[in-house]
Structure formats: C-alpha cells, structure tokens
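*Asks:* Sending over a structure as structure tokens; questions will come in a sec.
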Amino acid sequence: MNRFAKYIAFTGCLALLLSFTGKHPQEPHVVTLRFHSVIGNHSLELGRSYVNALGDTIAVQRFKYYVSNIIITDAVGKDVYLFPRRYYLVDAEDSASQSIQLKIPALPLKQVRFTLGVDSIRNVSGVQTGALDPLHGMFWTWNSGYIMAKLEGVSSSAHVPGQRFTYHVGGFKAADNTARVITLDLPPGTAPVDEINIAADINAWFKGGFLLKIGEHPICHSPGGLAVQIADNYKGMFSISSVR
Amino acid sequence: MRFCKTIWVVVLLLVTGIAWVAADNAYFRPRPVKFTVPAGWPQPVYDFKSNPLTQEGIALGRELFYDGRLSKDGNFSCGSCHQQFGAFDTYDHNLSHGFDNSFTTRNAPGLFNLAWQKEFMWDGGINHLDLQPLAPLTAPNEMAETLENVMAKLKADKKYRAMFKAAFGDETINTQRMNKAISQFVLTLVSSNSKYDKVKRGEASFILPEQLGYDIFKKKCNSCHTEPLFTDFSYRNTGLKADPYLNDVGRMKITGNPADSLKFRVPSLRNVARTFPYGHDGRFFSLSSVFEHYRNGMTVMHNTDSLLQHKLALSNFEIGQLTAFLYTLTDSSFLTNPRFAPPGSENIGKAPVDIHL
C-alpha cells in the first residue's frame, strides 16, 4: 500500500468514527397532545351552522389560540416535564397545528397544564419568530400585544356588517390579562401515555361566568373588560376527551 | 516513525481545514457598528444586545426603508412619508398619503433619536421599536400590505436573499429579521449636531435672541420638552379639542382609561423648524400658531395638563425669542447626511424654499 492510500484510509476511519459519535442511541418516546374543536356534543366543522349554548345560531369560520409553557406531571403529580418558552398556535383550519409532540418517556402521567395565550414577556420583546411571528394575524400592530385566542364566524344574531361576530381576545397587562393557565387531570391509570386528546368546546366562550350574547357583543377587538370576561369563559373550554 | 509522520500529516490537514472554515466564517461575518451616545445624553433604552448594529444590517434596513414594494401597490415606502429633508416626517403635510387615495389619521412624526424612545406612535400603543413597522405596513390607509405578501416579495428577490444572508448569516427571511434590519437603520438616525448641541459642546455660541429664547425655554417649556431629547416622552392633554372628523381620543385608545382622553405624546422639538405642521393631527401649520394655541386657543379640560390649566402666558417678545432659540435645534448635517438618503441616489435633501413661520 502506498503512503497516499494510507492517508486516505486513515482519514476515512477518522470520519467514520466522528460520524458515530454524532448519532443518538435511539429515538426518545413522544407523547402527543391532540386538540380538537367541539361545540357541545358535536365535532366542529368550520362553516357549518350550530346552535350555541345560549341559543344563538353560529357558523364558525376561524378558531385559533396559543398554547404555551406546557407542564406535564408524573404519576405522583410532580412537575417533571416542563416545556418553557415553547409556543404553539392551534388552528381549527390546520390539522397539523392541532397535535403537539413532546419528548416524554413512556410512563403513566397525571396532569397536563399549559397557558392558553402568550406570557407578558413575549408581548414586550419585539418581533418574534415561529408560531409567534406577527404574520399569523395574531398580533395587534396598533396596540402591541398578542391576540391570545380568536373566534370568528357568522350569526344571525350579529347585527353588524356581514353578520360577522369577531372575538379577538388579547391583553397582557395586569388588569387586562387574558392569558389563562389551564389544568387538566388525566383519568387515573397505570398505563404509559402515548396520546392525550383534548377537546376545546366553543360553547364555553358563550356560556361561563359571563353570558356572551352575540346580539349584545358581536365584536371584541381590544384589551379591556369584555376581553377579560371572555377569557374567564374560555378558560373552561378544555377537557380531556381520551388518553391512549 | 512512519505512523508518527502519518498522524502529523492528518493533524496538519485537520488544523488547516478547521482554520479554513473558521477564517471563512469570519470573513463573511457582518461587520459590527458602534453606537455612539452623544456626550451628556442618557443611555439609550433600545436593547442593542438583542439586535447588534452591523454595516450589513443597516444597509439592509436602509434598502427596506426606501422600498415601495413593501406596500400593496408598490407606491409607498417608509421613506415616502418619512422624508429626510423633513427630519423624516412628511414635509408640509398635516396628514400623510396612503394606499388608494387615503389619508392617515395623524401627522407623521419625525424619526430621529429613536434609541432613546420606549413607546411609539402619538398614543404610545407600540411598545418596541422592532414592532413599529408592522403598523404602517398593514394599515389599510398606509401601506395596506399583508406581512405574508411582504415576505413573499422579499423572498423572491435575489438581492434581498443576499442582503439578509450578509446581515444575519443565512438566507432566512422572516418578519423578525426584516424589522430588526429596519430598526438598525432607523437607530442610526441620530440628530445631535444642531447649533444648540454645538453651543452645549462649547463649539459655538448663541446670539442674543437665541440666548434669551433659551432662558425663556428653560422656564416655560423644558418641563415637558426636556433636554437633551426635547421631550420627556410623557402623554399630556394640551387642550386640543378633538377633530370631529377624526375623533381621535389619543392615549385613551390604548389604556381604556378616561383620564387619558385626548392625551398625546410630547413630541421632540429637535428639527422643529422642519417638522411643520404641528400637533398630532397636524392642525398647526406654523410655530406662531402653536404659540397662539398655548397662550389663547387652548380648550382647558378636566384632564388638561396641570402645567397648562391656566394656559401658557407668552408675550410677543417671548414668542420671538423662543422662535429664535427653536431655530437652533435644526440639525442640517442630519437633514443632509447622505448615509440616511435612499441607497444609490444622491441626497436630494436640499431645503425647500418656503418656510412657514
């Protein structure tokens, strides 16, 4: 073997060795949070008419909200799996956005906690990227801040142009804060969890501590009292529908 | 021995390779630009660590600032309403022109010394300089474009891909990078070389009317138009009745607090001779009409500023001297600095002939 061939062989071995060290031993286990929209007992179909909890007929056209800072507790209820500073925009129009993959070992779990909305620090730190990019239409340009959740549609009760009710709920400053921490307990069990299905019930927007009558309030487009009342309502829209 | 030699050769090869890669990166790295705080000025509030100024970033920001394609019909760049010869306001316009023959609802403010400003717009609704461009870009009566379309236009342009790579290290184009680049450019718009500044630095001296005007200014104006930025960035009701066609409630729109009704940000007086018309809706076409408002025209309301509850007593003499002083705030080197002009063009910032007094 001549000298040149030896160099080649040596470098080749070195490269092979380096490529081995860069590899993960195995893919970690993933738990999927899957969000689906419902209205009462029905699965939500965009554009289709339903009667909401207050008796208003509505056809939802847009429904999206931020999910962030997810925390999952282990079987004894300790906060073990934290996903801080991760933001997801769940959009009823985009099925890919409705499942969130989290690297968590295959274990029984007790509770899911997350923020519906965006924490105040991201509201005052300039332009963000990814799910928080202002181009997703979830950011107020004239009064800086994220729209935490958005529900739009048509209703005969909405006495406004196009009969369109539009709820853009946002506000991050103390009294106007519309981000809400959601806590959901998983059904007790000892089996390792792969998938958590979460239902988001639009009825909760209308009927909670506050009765959101479309005829009275077809529009919410700024931080303030109405937005906070709607936020207190939508805090209750989630429930665990199944765990696998 | 042979084996040793082999190892040596491989190590040398590796070192050369790593050095080459490293040298290559350094060569293509954006070149940092130092932001200089004028002597005696407070520290800026802008967080330069999160967006360090670079030659490439500033150049990209300048390109974007003067690019009409950021608007829906290609006609309105940032620079079309923020003109250098008007200290980056819309010269001689109470309101600015926007998409489809529309008008804005407020007077375009001059752009300078933005690194010291925490909140933007007349009502302070925007809480970060990087966010500011989003408002005019998407407002239907300004540039009327969607961010998605702007991104698509920029991504389709080879020149922009190269400029984003030069400024940020790769060709990724997103809202954040676009706005950071625009911020970098507008942050360089520092106006600190007026006659007033030269006097402060001991390089010039006021003539008598300017000095008398300065003395009056310190007594009657300085508490809101605070030196050296000539604003304290507060929001105040200065007795301006709402225009019935605009119905602009000012700061109250942002806070929802009735006590903030008709409050607007105190504007800087730097380059004030060039930034006419004055007021949030540009209702005053001359300095003398502003003075007249303060001494006679004000509508004093329950939440009119406590300093102005009895209006502002000003004699004709005082107005004359104050005007002389305000003229010393014009920074001609800022107004004609070719680095702030549209890229590739000669600076056209010669003073327009008519001056409204």
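*Asks:* Counting other Cβ atoms within 10 Å of each Cβ, which trypsin sites (Lys or Arg not before Pro) in region A:129-229 have at most 15 and sit in a DSSP loop?
*Replies:* Qualifying residues, ordered by number: A:Lys173, A:Lys213.
*Asks:* Going Cα to Cα from A:Lys213, which aspartates and glutamates come in below 20 Å? Please leave out same-chain ones fewer than 8 positions away.
*Replies:* A:Asp56, A:Glu152, A:Asp201, A:Asp232
*Asks:* Where a Cα-Cα gap under 14 Å defines reach, which aspartates and glutamates qualify for B:Lys311, not counting those fewer than 8 residues away within the same chain?
*Replies:* Excluding near neighbours in sequence, the set is B:Glu292.
*Asks:* Highest first, please rank the peptides B:4-13, B:82-91 by the mean number of other Cβ atoms sitting within 10 Å of their residues.
*Replies:* Packing proxy ranking, top to bottom: B:82-91, B:4-13.
*Asks:* Once you've got the GNM for chain B with C-alpha springs shorter than 10 Å, pick whichever of B:Leu322, B:Leu189, B:Leu314 has the biggest mean-square fluctuation.
*Replies:* B:Leu314
*Asks:* Let me ask something additional. Using DSSP loop states and a limit of at most 14 other Cβ atoms within 10 Å to flag GluC sites (Glu not before Pro), what is the longest stretch of chain B containing no flagged site? It would help to have the intermediate numbers written out before the result.
*Replies:* Numbers: sites that count: B:Glu171, B:Glu203, B:Glu346.
Maximal segment without exposed cleavage sites: B:1-170.
*Asks:* Percent relative contact order of chain A, based on C-alpha pairs within less than 8 angstrom and at least six residues apart?
*Replies:* 22 percent
*Asks:* Another one. Using only the Cα atoms of the protein assembly as shown, build the gyration tensor, take square roots of its eigenvalues as a ≥ b ≥ c, and label the shape rounded, prolate or oblate: rounded if a/c is under 1.5, else prolate if a/b is larger than b/c, else oblate.
*Replies:* Note, shape of the protein assembly as shown comes out oblate.
*Asks:* Which of the lysines could be linked to B:Lys72 by a straight reach, that is with a Cα gap under 30 Å, when you skip same-chain ones fewer than 8 residues away?
*Replies:* Within reach: A:Lys64, A:Lys150, B:Lys118, B:Lys153, B:Lys155, B:Lys158, B:Lys159, B:Lys165, B:Lys180, B:Lys253, B:Lys350.
*Asks:* Could you tell me which trypsin sites (Lys or Arg not before Pro) in region B:111-220 are loop residues by DSSP with no more than 15 other beta carbons within 10 angstrom of their beta carbon?
*Replies:* Filter output for region B:111-220: B:Lys118, B:Arg201.
*Asks:* With Cβ to Cβ distances under 10 Å as the rule, what net charge do the other residues near B:His128 carry (K, R +1; D, E -1)?
*Replies:* -2
*Asks:* Shifting gears a bit: Just for the protein assembly as shown, what percent of DSSP beta bridges are antiparallel, to the closest 5? List each step's numbers first, then the result.
*Replies:* On the way: 61 of 71 bridges.
Here the share of antiparallel DSSP bridges comes out near 85 percent.
*Asks:* Looking at the square roots a ≥ b ≥ c of the eigenvalues of the Cα gyration tensor of region B:48-191, which shape do they give, rounded for a/c under 1.5, prolate if a/b is larger than b/c, or oblate? Don't skip to the answer; put the middle values down first.
*Replies:* Details: a/c = 1.78, a/b = 1.24, b/c = 1.44.
Oblate, because a/c is 1.5 or more while a/b does not exceed b/c.
Just so you know, all these numbers are worked out from the coordinates, no wet-lab data involved. Every value quoted in this text rests on a predicted model; they were computed, and no experiment measured them. No Cβ is skipped: glycine too gets one built from the backbone with ideal geometry, and neighbour counts run over all protein chains shown.
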